[in-house]
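**Student:** Structure below; questions to follow.
The values are calculated or read from the model by the stated rules, or taken from the named source; none is laboratory data. Source: prediction; values computed, not measured. All Cβ positions, even for glycine, are placed from backbone atoms using ideal geometry, and neighbour counts span all protein chains on display. The area values use the complete protein model at the heavy-atom level, side chains included, leaving out ligands, DNA and RNA. Shrake-Rupley method; radii C 1.70, N 1.55, O 1.52, S 1.80 Å.
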Amino acid sequence: MLVIDQLSIKHDERPLLQDVSFAIERNEWVCLVGASGSGKSLLVKSILQMLPNTLQTTGTIYWNDQEIGDASKTCSIYGCEIGYIPQHYTTSFAPFLTMDEHIRDLFESHDEAYDKDRIRSAMAEIHLSEELLNRYPLELSGGQLQRFCLLLASILQPTLIIADEITNALDVLTARQVTEWLKSMIGQTSSMLWVTHDLAEAMTYADHILVMKDGRIVDAGNREHLIASENPYTKSLLQAAPILKREERLEHVITR
Amino acid sequence: MKQRRFIISGLAIFVVMYALTSMVDPFATNVTNRLASPSLHHLLGTDHLGRDVLSRLLLAGGITVGLSTVIILITATVGIILGTISGFVYRKLERIVTKVTDATIIFPDTVLAIVLAGVLGPSIQSLVLAISLIKWTSYTRLVHTLVLQESTKGHVLAARVNGLSKPKIALRHVLPAVCPHILVVMSLDLGKVILLISAFSFIGLGVQLPLPEWGGMISEGRHYLATNPALVFWPAFCIVLTIIGSTRLSTKLTRHFQV
Amino acid sequence: MTRFVARKSLEWGLAFLVFTFFSFLLLRLVPGDPVLYLLKVDELQVDVAEIDRLREELGFTDPVWVQYVNWLSEIVRLNLGDSLITGQPVTQLFKNNYAATFELAAGGLLVAIVLAVPLGTISAFRPMSVFSKLATGLSIVGSSVPSFLIGLFLMYVFAVSLQWFPVMGRNGWDSLVLPSLTLGIAVGGVYIRLIRSTLLDVMAADYVVIAKVRGIRSKKLLTRYIARAALPPVISMFGVSVASLMGGVVVLEVLFAYPGVGKLMVDSVLRRDFPVLQGYLVFTTCLVVSINLVTNVMLRLLQPHLYRKDVSR
């Protein structure tokens, strides 16, 4: 579905991403793990074409066997087939538009009829009261804004949702809530490209994990593969996570 | 090192100016020598009344710079006093002061200057009054904002807690911190006020004949634009030079204070 | 919304009253006795009784605020008094001259918009292009060089040397070109820079980038998101720049001998024609107040989120 082929990004001869290749299939939850600066966000941004022109990119990204370039097609893909949940949700809404206006814009841009019922039920699922629709972003709390981000990313039922470190600033319980909700609601209909630096989280939810270091993918596989992996970086990540010191502890986390 | 060079060159310029201006009388008309080309006696030629252009330029420069310094000092002082009071010492005044400054900033300065000139007669006094009446609001506003910001900082709060009276805090803690900003703005304003003075003298209000002023000289000289464009060019050049100088001064000050 | 308009109208109405009160006081500022001054113009020998009678007749013996109220009621009826020199009603004088001023101001604004909007926008989107450099240069010239110097320069090059346009006066369309161009550059210079920096800020804003990723189409993106976010600073600036626009018009009218209200004013200063000056002050105040009222309303429309009652700012 989404295929990345030898993607490399350079900035003035300094390599930021090198020879990144992977694919995401239908209904697959792929996690991108790595330390800060490993290139995770950069990869995501290049898939979404959010990068500035000053970077030199080689390699190709395919969506459903079509190359993603600067074609006019991109508008119909982004927001509709590929959903994006940003990391900084407080600044992701235009301050002078109400939440409802944001939603309407979304529907309109993808030539879909504004479906009040669908919105209502989706909002109820994530505990957003209907009257928030007429509020402006600065009147909403951080949690409410984040849930609206989730809403906007998922309401058009995209086949792939990209989430960029969205549990970063959340406490453990809230993070759990968010990921559980995503898994149950969207996990059925969409694939996920989930960027995180929390290896435990990745191990718990992902079907397939990509480990990144210094702009390269150094290891890949499902959780069993990673546990048994000989790769030194993967090993150090596993060892660093306090609860993953022993296999038993890991089992305990997963089967909870 | 650099400072000494600065002082020396400043003194040199002053000496040269003084010598030049005292050599040739800027007011001496000599109708037999109108619109003359540059010569040894008249380094930049003469104007339509036979007066020496260079000495008039220099005198005009002195007058203009002197006037704007006065204006800026007056308005800045008023601004500092009012701004500090409304921003820190006596906050209750804040609303009134803000409303007044907001309203005044919008009002056209030229209109005010014209009307004042009409009432008091076109003169240096009316000009100074007009420009001061306009500029005081911007300084008040500036100081008010700066003082407000400064008052939230640690050292001011500490002084308050220690029981220091507000005026004393203002003098010893707030103002010294706020001064660099104000000085930078003052240096920029120097250029702006000089421009204003030139513009007003150009339309006939402000510095009156026979006192020379760049704007006034341009106004007189433009009738001879076709034949003697130099009469307009030199004062214009002085004005542009002053703008550049004031901008550079403010940049230097900004860098010096790291504002 | 209506409450907002009402409240702002009240505020500006108050400002109007305050300003006009000051302009009313100005006549009293004239050094010496105003009555004597008025009579002096005729240069007649008048005896003391006449002076006293005139004084009472003109209402100078009433308390100040009574005089003000009387004066205000005259203003509202558009009676601004008569010129001391020509005896014509002031409003008549204005009528004769405002056309020229309006032409100049409109022309200048037009040039400013035509220059600033495209150049500012292009230099934001394509910072390395030729246009961007042109924009920067123009904005420096426009905002630092005084308008009468720009005018002189243009006059020298295009009127005196090349003789493409008339040097001074108002004789048809080509007389309007140089003054409008001058005013446009002077005013536009500031706007170019403002538009460029605002656009750069807005385009880099998170919500614009994310809107693009959410698939909002370019056209909608541009109008609803970018333009709407970029307009408020420009409109604010406009409200403030009306003052310099009016000042610029006066100076340029003198420079190009364009017979408008500004030139009339300067002449009135030299002839000490107070009613005309006072009328000018009143007229200007009206203009400033109404323009600011309009900009206030526009800002309210563009930024509704700043006016919510329960918002802590």
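**Student:** What does the accessible area per residue of segment B:46-257 come to in Å², with a 1.4 Å probe and no ligands, DNA or RNA counted?
**Tutor:** 42 Å²
**Student:** Now, a different point. Could you list which residues have their amide H under 5 Å from that of B:N30, counting only those 5 or more apart in sequence or on another chain, with H placed in the peptide plane?
**Tutor:** So B:N30 has HN proximity to B:G50, B:R51.
**Student:** Let me ask you something else. Report, to two decimal places, the Cα Rg of segment B:46-257 normalised by 2.2 N^0.38 Å (N = number of residues).
**Tutor:** Ratio of Rg to 2.2 N^0.38 Å for segment B:46-257: 1.21.
**Student:** Rounded to the nearest 100 Å², what's the accessible area chains B and C bury against each other, both chains counted, probe 1.4 Å?
**Tutor:** 3200 Å²
**Student:** Let me ask something else. Please tell me the relative contact order of segment B:46-257 in percent, rounded to the nearest whole number, where contacts are Cα pairs under 8 Å and at least six residues apart.
**Tutor:** Computed value for segment B:46-257: 27 percent relative contact order.
**Student:** Moving to a separate point now. Sort A:I227, B:I96 by accessible area with a 1.4 Å probe, largest first.
**Tutor:** Ranked from most to least accessible, the order is B:I96, A:I227.
**Student:** Please list, in chain and number order, the residues 5+ apart from A:L170 or on another chain whose amide H is under 5 Å from its amide H, with Hs placed from the backbone.
**Tutor:** Long-range HN contacts for A:L170: none found.
**Student:** Convex hull over the alpha-carbon atoms of chain A: what's its volume per residue in Å³?
**Tutor:** 133 Å³
**Student:** Projecting each Cα onto the charge dipole of segment A:2-255 (Lys/Arg +1, Asp/Glu -1 at the beta carbon, about the Cα centre), which of A:I119, A:S21, A:T174 comes out farthest on the positive side?
**Tutor:** Farthest along the dipole direction, towards plus: A:T174.
**Student:** Further question on the same structure: Mind giving me the FRET efficiency for C:Y68 and C:V141? R0 is 30 Å, r the Cβ-Cβ distance, nearest 0.05 is fine.
**Tutor:** Taking R0 as 30 Å, the efficiency between C:Y68 and C:V141 is 0.10.
**Student:** Another one. Between their Cα atoms, which of A:K45/C:K133; B:K166/B:K192; B:K92/B:K252; B:K192/B:K252; B:K99/B:K166; A:K40/A:K183 are more than 26 Å away from each other?
**Tutor:** Beyond 26 Å: A:K45/C:K133; B:K166/B:K192; B:K92/B:K252.
**Student:** Let me ask something additional. Round to a whole number: what % of the accessible area of the protein assembly as shown belongs to carbon and sulfur, probe 1.4 Å?
**Tutor:** Here carbon and sulfur together make up 62 percent of the probe-accessible area.
**Student:** Hey, another quick one. What accessible area, in Å² to the nearest ten, does a 1.4 Å probe give for B:K192?
**Tutor:** B:K192 exposes around 110 Å² with every protein chain in place.
**Student:** I've got another one for you. Using +1 at the Cβ of each Lys and Arg and -1 at the Cβ of each Asp and Glu in segment A:2-255, identify which of A:P232, A:I85, A:G215 lies farthest towards the dipole's positive end.
**Tutor:** A:P232
**Student:** For chain C, list log₁₀ I(q)/I(0) at each q in 0.08, 0.10 Å⁻¹, using the Debye formula over Cα point scatterers of equal strength and ignoring solvent, two decimals each.
**Tutor:** Listed by q, the Debye log ratios stand at -0.51, -0.75.
**Student:** Could you tell me the center-to-center distance, by alpha carbons, between segment A:128-182 and segment C:208-255 in angstrom?
**Tutor:** Going from one Cα centre to the other spans 33 Å.
**Student:** Taking the Cα centre as origin and putting +1 on Lys and Arg beta-carbons and -1 on Asp and Glu beta-carbons, what dipole magnitude results for segment A:2-255, to the nearest 20 debye?
**Tutor:** With only Lys, Arg, Asp and Glu charged at Cβ, the dipole is about 560 debye.
**Student:** Modelled label-to-label distance, B:F14 and B:R160, 7 Å Cα→beta-carbon offset: nm?
**Tutor:** About 4.4 nm, to one decimal.
**Student:** Karplus couplings for segment C:249-260 from phi (6.51 cos²θ - 1.76 cosθ + 1.60, θ = phi - 60°), rounded to Hz, Gly and Pro as x?
**Tutor:** The phi angles translate into 4, 4, 4, 5, 4, 5, 4, 8, 6, 8, x, x Hz.
**Student:** Once phi is turned into θ = phi - 60°, what whole-Hz ³J(HN,Hα) does the Karplus curve with 6.51, -1.76 and 1.60 give for every residue of segment A:145-161, x standing for Gly and Pro?
**Tutor:** For segment A:145-161, the Karplus curve yields 4, 5, 5, 5, 4, 4, 4, 5, 6, 10, 4, 8, 6, x, 7, 9, 10 Hz.
**Student:** Same structure again: Using only Cα positions of the protein assembly as shown, each an equal point scatterer, no hydration layer, compute I(q)/I(0) via Debye at q = 0.06, 0.07 Å⁻¹ and quote the log10 values to two decimals.
**Tutor:** Scattering profile of the protein assembly as shown, log10 relative to I(0): -0.58, -0.74.
**Student:** Report the one residue of C:L115, C:M155, C:A49 whose Cα lies farthest in the direction of the positive end of the charge dipole of chain C (charges on C-beta: Lys and Arg +1, Asp and Glu -1; origin at the Cα centre).
**Tutor:** C:L115
**Student:** Continuing with the same structure: Compute, for chain C, the length of the dipole vector about the Cα centre, with Cβ point charges of +1 (Lys, Arg) and -1 (Asp, Glu) only. Units Debye, rounded to 20.
**Tutor:** 2560 debye
**Student:** To the nearest hundred square angstrom, how large is the accessible surface buried between C and A, total for both chains, probe 1.4 angstrom?
**Tutor:** Adding both sides of the contact gives about 2400 Å².
**Student:** Sketch the reach of a paramagnetic label on B:R172 as a point 7 Å from Cα along Cα-to-Cβ, and name the residues of segment B:82-98 whose backbone nitrogen lies under 18 Å away.
**Tutor:** Inside the label zone: B:89.
**Student:** If the chain between B:I7 and B:L49 were fully stretched, how many nm would it gain, using 0.36 nm times the residue separation less the Cα-Cα distance?
**Tutor:** Going from the current span to full extension adds 11.5 nm.
**Student:** Taking amide H positions as placed 1.01 Å from N in the peptide plane, with prolines and chain starts having none, which residues 5 or more places from A:W29, or on another chain, fall under 5 Å of its amide H?
**Tutor:** Hits under the 5 Å cutoff: A:M192, A:D207, A:H208.
**Student:** Still on this structure: When the Karplus curve 6.51 cos²θ - 1.76 cosθ + 1.60 is applied with θ = phi - 60°, which whole-Hz ³J(HN,Hα) does each residue of segment C:90-98 get, with x for Gly and Pro?
**Tutor:** Each residue of segment C:90-98 in turn: 4, 4, 5, 4, 4, 4, 5, 9, 5 Hz.
**Student:** With r defined as the distance between the Cβ atoms of C:V297 and A:K235 and R0 fixed at 51 Å, what FRET efficiency is calculated, to the nearest 0.05?
**Tutor:** It comes to 0.20.
**Student:** Can you pull the accessible area of C:R308 for me, 1.4 Å probe, Å² to the nearest 10?
**Tutor:** In the full protein context, C:R308 sits at about 80 Å².
**Student:** At a 1.4 Å probe radius, which order do A:W181, B:W214 fall into by accessible area, largest first?
**Tutor:** Ranked from most to least accessible, the order is A:W181, B:W214.
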